[in-house]
1. Taking S388 as the residue in question, decide whether it is over 27 Å from the mean Cα position of the chain (by Cα) and within 16 Å of E344 (Cα to Cα).
2. Please give the number of the condition S134 fails out of (1) of a type in the set (S, T, N, Q); (2) in contact with a His (Cβ under 6 Å, 6 or more places away or on another chain); (3) loosely packed, with under 14 Cβ neighbours inside 10 Å.
3. For the range 44-99, what are the residues that are farther than 23 Å from E12 by Cα and among the polar types (S, T, N, Q)?
4. Restricting attention to the range 1-21, report how many residues are part of a loop (DSSP other than H, G, I, E, B) and more than 11 Å from the ligand (Cβ to nearest atom).
5. Can you tell me which residue is surrounded by the fewest Cβ atoms within 10 Å (Cβ to Cβ) among those in the range 460-497 that are at pLDDT below 95 and assigned to a loop (DSSP other than H, G, I, E, B)?
6. Can you report the number of residues in the range 22-54 which are closer than 20 Å to E213 by Cβ and either within 10 Å of the ligand (Cβ to nearest atom) or assigned to a helix (DSSP H, G or I) (or both)?
7. Which residue pairs have Cβ atoms under 6 Å apart, sit 6 or more places apart or on different chains, and have a first residue in the range 345-356 that is surrounded by 19 or more Cβ atoms within 10 Å (Cβ to Cβ) and modelled with pLDDT of 95 or more and a second that is in a helix (DSSP H, G or I) and of a type in the set (D, E)?
Amino acid sequence: MIEELKLIRPGEIRVRIAPSPTGPFHIGLARTALFNYLFAQKYQGSFILRIEDTNIKRSKKRWENEILEGLKWLGIEWQEGPDCGGSYGPYRQSERKEIYKKYIEKLLKEGEIYYCFCTPEELEAHRQYLMSISQPVRYSGKCRELSDQEVKRNLAGGKSYVLRFKTLLKKVSFKDMLRGKIDCQSEIFGDIVVAKDISTPLYNLACVIDDYEMKITHIIRGEDHISNTPKQILLAEALKIKTPKYLHLPLILDQDRAKLSKRDRIKSVLEYKKDGFFPETMINFLAFLGWNPGTQKEIFSLNTLVQEFSLDKIQKSGAEFNPQKLDWLNGFYIRSKSIEKLTEFCLPYLIEKQLIIPQFKTEQYPPAYGAEIIIQKFKIKETGEEISLNYLQKVIALYQERLKKLSEIPELIDFFFQKELDYSKELLRGMSDARQPEIVEKEIKNNLDKAKKTLQKIKPGNWKKENLEKSLLKLAEEVGKGDRGKVLWPLRVALTGREASAGPFEIAELLGKEKTLERIKKAIKKL
Ligand code: GLU
């Protein structure tokens, strides 16, 4: 067991995520948020959201909003944050300048940081030089010893500057709760820039001040921040403040064990929402990015995770991002929904693709997650025909087993709502017959004609899947002489216009007698 966990008393945990709102709310951040949230929940602690927007040029309100919206959609709730406040606010770094100023002035006064007036050209030349002799790139220390007068003169002359940390050259060691002792030589980074001016710290310094001010007890963040930790520890030492405990989560890798592609790294969690993944799918998926319960159990809700998640079971090696697993999980959650609920979730996609038009209260779309559905009637856009919610439920039910994400539903069921189906006679013919196409086509035409006659005899009142199946299977056995596909394949193509679909009997039942016969006639005409 992780040593530190033994000492935790309920209620004392304070963890945070500290995203910079400079891009979409991506999987990596969502995973860090979930792990912090679960850790806090387990020990009745607090989970805090802090927006690190010190880079005003790159920070955008829209990304901050997206982070909040994404977390809410996932059901990850924070107790303190920019929207709800808290005892240690403000929770947006751009609003904490007064706080930073106190600390930066103190560091300056105590000689821990210094003014650096080097120009970008000078810094670049030094960088090139270090690279040419294969040395780590770090500041030369040129402005370290400037006299007070020189600094004053430069400032008065309006020279631009940054504030650098007088890094002590030494070995910095810290304990990562997962990885044990980690050592780093501070020479590698040297005198880093810690602030742009007296009230604008850069990431490392702002982070140290905020984590201290906000009484953060544990920092759980991605492995990519391991190199920042020694810098933050030295800064905390200079400020004479206590550091939190650290745990760095494993990198998220693609299936070839390489770094996740940029596309997947920056893909917004809200894109997954748009694609028709459920929040419960995402939570379940995110939990396994670096954690597993040590059993075969694969399905976890947020609530069960709160009970069963433990930092102890986090792995050190990279966590594999497996899109097939994501689809599989979503399929599971799709199958576990009632057909009423599933239909409700599918409706916005069908309406957006303009297959159906709701008959009233369009303004209710898209319905909020879990909203009660009140629209009972729809019109098929192409035919103007009216259909009920119940009818749609039956159509969608045909695909509940195989649906992987909600956005796939329009293309799976659009043939129910199309006036004309677009398919070739080659598709009607199928692939496997080696005979002359003309001979096969003639046979198929005949078979479809027989199917049509068989169906014509069924009274509308008996137009039920079971009856259709009985009559058509009988016909297919007789005609196909052991190969039922000779009737059923072209029949299915005639009704759907596609290579793969649900079975022909269920489809025929839902299309109704008139449309079924009409589609068979059209297929016959093609041949
Ligand atoms: N603003 C940093 C980021 O977005 C926060 C890192 C940290 O958790 O300290 O990566």
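1. Working: over 27 Å from the mean Cα position of the chain (by Cα): yes; within 16 Å of E344 (Cα to Cα): yes.
So S388 passes the test.
2. Only one criterion is unmet by S134, namely (2).
3. Listed by number, the residues that qualify are T54, N55, S59, N65, Q93, S94.
4. Qualifying residue count for the region: 9.
5. In this case the residue turns out to be G482.
6. Filtering the range 22-54 for residues closer than 20 Å to E213 by Cβ gives 36, 40, 45-54.
With either within 10 Å of the ligand (Cβ to nearest atom) or assigned to a helix (DSSP H, G or I) (or both) added as a condition, the list becomes 36, 40, 50-54.
Of the residues in that region, 7 qualify.
7. L355/D414
Condition check ((1) farther than 29 Å from E385 by Cβ; (2) β-branched (V, I, T)) across all residues:
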position	(1), (2)
N446	yes, no
A451	no, no
N467	no, no
V479	yes, yes
G482	yes, no
P504	no, no
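The values are calculated or read from the model by the stated rules, or taken from the named source; none is laboratory data. Keep in mind it's a predicted model, so treat the numbers as computed, not measured. Reconstructed Cβ throughout: ideal geometry from the backbone, glycine too, with neighbour counts over all protein chains shown.
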